[in-house]
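Peer 1: My structure is below; once you've seen it, I'll send some questions.
The values are calculated or read from the model by the stated rules, or taken from the named source; none is laboratory data. Not measured: the values here are computed from a predicted model. No Cβ is skipped: glycine too gets one built from the backbone with ideal geometry, and neighbour counts run over all protein chains shown.
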């Protein structure tokens, strides 16, 4: 088979790239080793920018997501500092007055990813192949030659969009990006039913507890009374301190004064699973001759909140737009595709930089406590943080030191 664009991976980043290409009238091939629906270990949170991005591609996709029954509408995030100071950040200010347009959701990845696959199947421009792993990548003068291990499945493509996740062999072997413990989070995820004290508007919770620093505990409410509960910690911290994340979580839920009351009647549903989060706390080269990396394969997960889905969607759309430009110019060179990196770091960079600063701030509980205390009382900060979930340009304010000077001296 031949195609202008082949997308490896049908998760959020790859699906978004394909949907954007289809919107532009460009045909592509998408290949995934899994057969959908399939589960994916994740926090299951979709922030406001997910819907914003899908609406930019096609309003109909956004409408269908809002109407889907597999998700719970979520209206914001609750941050809890080590001293238990909490700050609620809604995805939209004054949302209580009008709940007809929810911006954030919580749903299991098996459902959300399958939703995007169904959206791809609506598009005649997209050819999707499931249950096939691309194991061989050969760059020739006329393009990339991709094939399965046994060689029974072969594709020749002008351009590759790599969206096959945190353990992408292409990312390691071709792009040369390796896992670095200082820029990688080890995480575990479990599902519980019957937790007390969940927010009535399904705010997702991030708890930076003293015994978990520099990691955190999350609780994301799901439909049917379940919640996604997990712990994330920098890999180097977990390794250096010989921390068993599963045991740490179970001990915390059983002994922490607040958590033991909230989990008093909670029941574990299924297993406790582990996974890795490649963080965007370091700037990397995300392209090369005839390829671009998106989503987790590009190490773009938020270093502070652990969110990866929104950034996967944004990078997927940017890769598709750059692919369209490359096709028009008939130029797939390293130099031409460099615009993709510039766009990614121009749009997502300020947020990633700010989140990296906040991640480092957690190492100093007293300072983190102070910021949360100020933030919980400061309307300016809360307004900006609310807007940043669906207005990417406003995140630039959070990366400016002068903003924090004003915040500290105008309390």
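Peer 1: Applying the selection to the range 13-38, what residues are farther than 22 Å from residue 170 by Cα and out of contact with any strand residue (DSSP E or B) (no Cβ under 8 Å at 6 or more places or on another chain)?
Peer 2: 20, 23, 24, 25, 37
Peer 1: Residue by residue through the range 156-186, note down the ones that are in a loop (DSSP other than H, G, I, E, B) and surrounded by 14 or more Cβ atoms within 10 Å (Cβ to Cβ). Full working, then the answer.
Peer 2: Step one: list which residues in the range 156-186 are in a loop (DSSP other than H, G, I, E, B), which gives 163-168, 174-180.
Scanning the range 156-186 gives 163, 164, 165, 166, 168, 174, 175, 177, 179, 180.
Peer 1: Regarding the range 273-295, can at least one residue be identified that is in contact with a helix residue (DSSP H, G or I) (Cβ under 7 Å, 6 or more places away or on another chain), within 29 Å of residue 140 (Cβ to Cβ) and in a helix (DSSP H, G or I)?
Peer 2: Yes, the conditions are met somewhere in the range 273-295.
Peer 1: Please verify whether the range 347-354 includes one or more residues that are assigned to a loop (DSSP other than H, G, I, E, B) and either within 13 Å of the chain's Cα centre (by Cα) or modelled with pLDDT under 95 (or both).
Peer 2: Looking for residues that are assigned to a loop (DSSP other than H, G, I, E, B) and either within 13 Å of the chain's Cα centre (by Cα) or modelled with pLDDT under 95 (or both), one finds at least one in the range 347-354, hence yes.
Peer 1: Another one. If you go through the range 297-325 one residue at a time, how many are assigned to a loop (DSSP other than H, G, I, E, B) and either modelled with pLDDT under 95 or over 17 Å from residue 171 (Cα atoms) (or both)?
Peer 2: To start, the set of residues in the range 297-325 that are assigned to a loop (DSSP other than H, G, I, E, B) comprises 299-300, 302-308.
Right, trim to either modelled with pLDDT under 95 or over 17 Å from residue 171 (Cα atoms) (or both) and you get 302-308.
Residues meeting the conditions: 7.
Peer 1: In addition: Is there any pair with a first residue in the range 362-390 that is at negative phi and at pLDDT 75 or above and a second that is in a helix (DSSP H, G or I) and buried (at least 19 other Cβ atoms within 10 Å of the Cβ) whose Cβ atoms are under 8 Å apart and which are 6 or more apart or on different chains, and what are they?
Peer 2: Note: pairs meeting the criteria are 362/368.
Peer 1: Here is a further query. Report whether or not residue 124 is assigned to a loop (DSSP other than H, G, I, E, B), modelled with pLDDT of 95 or more and at negative phi.
Peer 2: Details: assigned to a loop (DSSP other than H, G, I, E, B): yes; modelled with pLDDT of 95 or more: yes; at negative phi: yes.
Taking the combined requirement at face value, the residue satisfies it.
Peer 1: If you don't mind, there's one more thing I want to ask. Condition check: free of Cβ contacts under 8 Å to residues at least 12 places away in the same chain, surrounded by fewer than 21 Cβ atoms within 10 Å (Cβ to Cβ) and in a helix (DSSP H, G or I). Does residue 254 satisfy that? Break it down stepwise before answering.
Peer 2: On the way: free of Cβ contacts under 8 Å to residues at least 12 places away in the same chain: yes; surrounded by fewer than 21 Cβ atoms within 10 Å (Cβ to Cβ): yes; in a helix (DSSP H, G or I): yes.
Yes.
Peer 1: Given the condition part of a strand (DSSP E or B), in contact with a helix residue (DSSP H, G or I) (Cβ under 7 Å, 6 or more places away or on another chain) and buried (at least 18 other Cβ atoms within 10 Å of the Cβ), answer yes or no: does some residue in the range 216-227 qualify? Walk me through how you get there before you give the answer.
Peer 2: Here is the first cut: in the range 216-227, the ones part of a strand (DSSP E or B) are 216-221, 226-227.
Then drop every residue that is not in contact with a helix residue (DSSP H, G or I) (Cβ under 7 Å, 6 or more places away or on another chain), which leaves 217.
Next cut, buried (at least 18 other Cβ atoms within 10 Å of the Cβ) only: 217.
Yes, the range 216-227 contains a residue that is part of a strand (DSSP E or B), in contact with a helix residue (DSSP H, G or I) (Cβ under 7 Å, 6 or more places away or on another chain) and buried (at least 18 other Cβ atoms within 10 Å of the Cβ).
Peer 1: Can you confirm whether the range 392-402 contains a residue that is at pLDDT 60 or above and surrounded by 14 or more Cβ atoms within 10 Å (Cβ to Cβ)?
Peer 2: No: the range 392-402 contains no residue that is at pLDDT 60 or above and surrounded by 14 or more Cβ atoms within 10 Å (Cβ to Cβ).
Peer 1: Can we say residue 328 is over 21 Å from the mean Cα position of the chain (by Cα) and in a helix (DSSP H, G or I)? Outline the logic, then answer.
Peer 2: Details: over 21 Å from the mean Cα position of the chain (by Cα): yes; in a helix (DSSP H, G or I): yes.
Judged against the criteria, residue 328 is a match.
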